[in-house]
Amino acid sequence: MKNMTKQNISLKEAINLLIGNKLDGSYLVEFVESDRIEATDAIKLGSMGIVVPEENIYYDDDNIADDDDFDGKWIPIDSDIEHYKKHLSIQLTVDKEIENWLSSTEIDLDSLISELLTGFYRSSKAINK
């Protein structure tokens, strides 16, 4: 049986492995409070499934080029992350008969569950009043 233990490494070691294209899922990066990583490197680590704490990321403003095509005031927008946070993921366990029935129908399961939960919540609120 293969050993599934990940090797703990520092951020500096992770960056060196990243540069050498040797960083993979067998490593676990241990961040310390004083670690600083450029945003571009944090994105590369993130694409490999390594979560970099926001407080460790820094942005080098001198290396950020202005967009010559943009002329005007920057307006903040709601991000996709806010939209994502409003959605839940659930896992249902059903017996084979129900699974077969669901796969043979055109029921929008997301809408159905959402409506059932909303109705249940409202009924519970009404009963508790």
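The values are calculated or read from the model by the stated rules, or taken from the named source; none is laboratory data. Keep in mind that this is a model prediction, so the values were computed, not measured. Because the Cβ atoms are built from the backbone with ideal geometry, glycine has one as well, and the counts that use them run over all protein chains shown.
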Which pairs have Cβ atoms under 8 Å, sit 6 or more apart or on different chains, and link a residue in segment 60-72 that is farther than 26 Å from residue 36 by Cβ to one that is surrounded by 10 or more Cβ atoms within 10 Å (Cβ to Cβ) and at pLDDT 70 or above? none
For segment 58-66, state whether one or more residues are among the β-branched types (Val, Ile, Thr) and modelled with pLDDT of 80 or more. no
